[in-house]
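Take a look at the structure set out below.
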Amino acid sequence: MVEGLARFFSSLRTRPGILARAALGTPAPDDAELADALARRLEAELRSDGSVGGAALPTAWRVHELLDLGRAPGHPRVQRALDWLFERQGRPGAFGDGCDRARHAHRACEHWVRGFFAPAPPGERLAPITLPNGKAFRAEPAARFALSCLALRAAIRAGGATRAVVVLHLESLRDLAEGWSDWNGYYAPDTIVAGLHALALGGPRYAGAVEALVSLVLSHQRVHGLWLNADPFATVEALSATGLADARTVVRRAVRELLERQRPDGSFGATAREERALIVLRGAVWAGA
């Protein structure tokens with residue numbers, strides 16, 4: 001089970017391989033040098049404007065990748081990519097842009113939502129998108145919401161948690177979360193999970209919202225440990241980010257079920273093969289599964 005994951009990652013010369021070995025306490029002798037080489041390769045792909053191909057998803061993920069590989073939050077390449085993202089914050093095309101009666105009633109309009117990143121102009125089709133953890137968002141509003149949460153997490157991890165626009169985004173998420181009592185309501189479970197993951201990085205100011213969302217996820221965990229209409233890998237990843245004792249219990253149950261579905265090679269399928277295996281490994285180590 002976890003042993004299978006250890007074997008899976010033991011010789012991978014990739015970012016997930018490095019992170020997995022670190023989580024297990026078994027780093028390879030040259031992992032530090034490998035991390036630097038991988039980071040340099042990723043930095044070389046950044047355009048002069050700081051983006052990866054002028055697209056929001058790979059640019060936001062590139063910030064995460066570089067931080068994972070040991071680049072400091074103030075590193076020039078990290079900052080350049082982050083600045084490109086900040087230029088798109090609050091622009092037309094962000095989740096919540098515009099208003100109608102239905103969206104206003106569900107607080108999904110510009111009167112309630114502020115500080116979100118605009119991953120694409122309003123008239124440009126973004127969905128479907130697949131996040132690095134393998135979760136696909138096929139509805140346009142959900143895709144823009146989830147991508148903005150990924151960018152928000154990048155901004156927080158890169159040291160931007162106190163920036164006014166970041167605080168605005170977090171406060172909007174917290175206000176939205178106050179209405180997330182229906183697991184299968186206007187906001188789909190995977191959208192709720194994306195919001196939880198971002199709020200979990202926001203600090204003590206958002207602890208109450210995080211605790212309430214963990215309770216919501218816990219209340220909808222099924223007997224076998226997973227969830228109806230929610231991606232189990234994304235959910236485990238978000239719960240693990242909270243650090244809460246209640247979340248640890250939920251993750252332990254989910255990871256044990258996922259490990260039962262593990263393939264002989266240690267993976268969980270072809271989708272986001274290394275990322276999903278890393279999520280399960282980290283969850284298992286953290287929760288003591």
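The values are calculated or read from the model by the stated rules, or taken from the named source; none is laboratory data. Keep in mind that what you see is a predicted model, and the values were worked out from it rather than measured. Here the Cβ is made from the backbone with ideal geometry for all residues, glycine too, and neighbour counts use every protein chain on show. With ligands, DNA and RNA removed, areas are computed over all heavy atoms of the protein, side chains included. Shrake-Rupley method; radii C 1.70, N 1.55, O 1.52, S 1.80 Å.
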Quiz item: Net charge near ALA6, counting Lys/Arg +1 and Asp/Glu -1 over other residues with Cβ under 13 Å of its Cβ?
Solution: +1
Self-check item: Nearest-20 debye value, segment 147-245 charge dipole, Cβ charges on Lys, Arg, Asp, Glu
Solution: 300 debye
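Out of every Cα pair in the chain, what percent are spaced more than 35 Å from each other? Working shown, then result.
Details: 6197 of 41616 pairs.
Summing the P(r) tail past 35 Å for the chain gives 15 percent.
Using DSSP to define loop residues, name the trypsin sites (Lys or Arg not before Pro) in segment 235-289 whose beta-carbon has at most 13 other beta-carbon atoms within 10 Å. Kindly include the intermediate steps, with their values, before the conclusion.
Details: sites: ARG248, ARG252, ARG253, ARG256, ARG261, ARG273, ARG276, ARG282; in loops: ARG261.
Sparse-neighbourhood loop trypsin sites (Lys or Arg not before Pro): ARG261.
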Practice problem: Could you order peptides 11-19, 95-103 by the average number of other Cβ atoms within 10 Å of their residues, highest first? | Solution: 11-19, 95-103
Practice problem: Just the isolated ones, please: cysteines in the chain lacking another cysteine beta carbon under 4.7 angstrom. | Solution: CYS149
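Where does the charge balance sit around ILE18 when Lys and Arg score +1, Asp and Glu -1, over other residues with C-beta under 9 Å from its C-beta? Can you show the working numbers first?
Numbers: positive: ARG13, ARG15, ARG21; negative: ASP31, ASP68.
With Lys, Arg at +1 and Asp, Glu at -1, the net is +1.
What ratio of Cα Rg to 2.2 N^0.38 Å holds for segment 234-289? Walk me through the intermediate numbers first.
Values: Rg = 10.7 Å, N = 56, 2.2 N^0.38 = 10.2 Å.
Relative to the rule-of-thumb radius for its length, segment 234-289 sits at 1.05.
What shape does segment 16-72 have by the C-alpha gyration tensor, where a ≥ b ≥ c are the square roots of the eigenvalues, rounded means a/c under 1.5, and otherwise prolate means a/b greater than b/c and oblate the rest? Before the final figure, lay out each step's value.
On the way: a/c = 3.46, a/b = 2.14, b/c = 1.62.
Judged from the Cα gyration tensor, segment 16-72 comes out prolate (a/c at least 1.5, a/b above b/c).
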Quiz item: Counting other Cβ atoms within 10 Å of each Cβ, which GluC sites (Glu not before Pro) in segment 1-99 have at most 11 and sit in a DSSP loop?
Solution: GLU45
Quiz item: Can you give the charge dipole size of segment 57-181 about its Cα centre, rounded to the nearest 20 debye, using +1 on the beta carbon of Lys and Arg and -1 on the beta carbon of Asp and Glu?
Solution: 220 debye
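Just to confirm, what accessible area per residue do you get for the chain at 1.4 Å probe, in whole Å²? Intermediate values should be presented prior to the final figure.
On the way: 12620 Å² over 289 residues.
Heavy-atom accessible area per residue stands at 44 Å².
May I ask for the net charge around ALA289, where only other residues with Cβ less than 13 Å from the Cβ of ALA289 are counted and Lys, Arg are +1 while Asp, Glu are -1?
On the way: positive: ARG248, ARG252, ARG253, ARG256, ARG282; negative: GLU3, GLU257, GLU260.
Net charge around ALA289: +2.
Which loop-located trypsin sites (Lys or Arg not before Pro) does segment 18-79 contain, where loop means any DSSP state but H, G, I, E or B and the Cβ has at most 13 other Cβ atoms within 10 Å? Can you show the working numbers first?
Values: sites: ARG21, ARG40, ARG41, ARG47, ARG62, ARG71, ARG77; in loops: ARG47, ARG71.
Those that pass, being in a loop and sparsely packed, are ARG47.
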Practice problem: Could you rank the peptides 175-185, 153-163 by their average count of other C-beta atoms within 10 Å per residue, with the highest value first? | Solution: 153-163, 175-185
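Once you order the gyration tensor axes a ≥ b ≥ c over the Cα atoms, which shape class does segment 97-246 get: rounded for a/c under 1.5, otherwise prolate or oblate by comparing a/b with b/c? Each step should come with its number before you reach the end.
Working: a/c = 1.39, a/b = 1.18, b/c = 1.18.
Rounded shape, in that the Cα axes give a/c under 1.5.
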Quiz item: How big is the charge dipole of the chain about its Cα centre, in debye rounded to the nearest 20, if each Lys and Arg gets +1 on its Cβ and each Asp and Glu gets -1 on its Cβ?
Solution: 120 debye
Quiz item: Farthest toward the dipole's positive end in the chain, which of TYR186, HIS169, PRO29, given Cβ charges of +1 (Lys, Arg) and -1 (Asp, Glu) about the Cα centre?
Solution: PRO29
Practice problem: Heavy atoms only, probe 1.4 Å: what % of the accessible area of the chain goes to carbon and sulfur, would you let me know? | Solution: 52 percent
Quiz item: Which of ALA254, TRP112, LEU46 sits farthest toward the positive end of the charge dipole of the chain, with +1 on the Cβ of Lys and Arg and -1 on the Cβ of Asp and Glu?
Solution: ALA254
Quiz prompt | Value of relative contact order over segment 121-176, rounded to a whole percent, pairs C-alpha under 8 Å and six or more apart | solution = 20 percent
Quiz prompt | Centre separation in Å (Cα based) which lies between segment 227-289 and segment 54-99 | solution = 26 Å
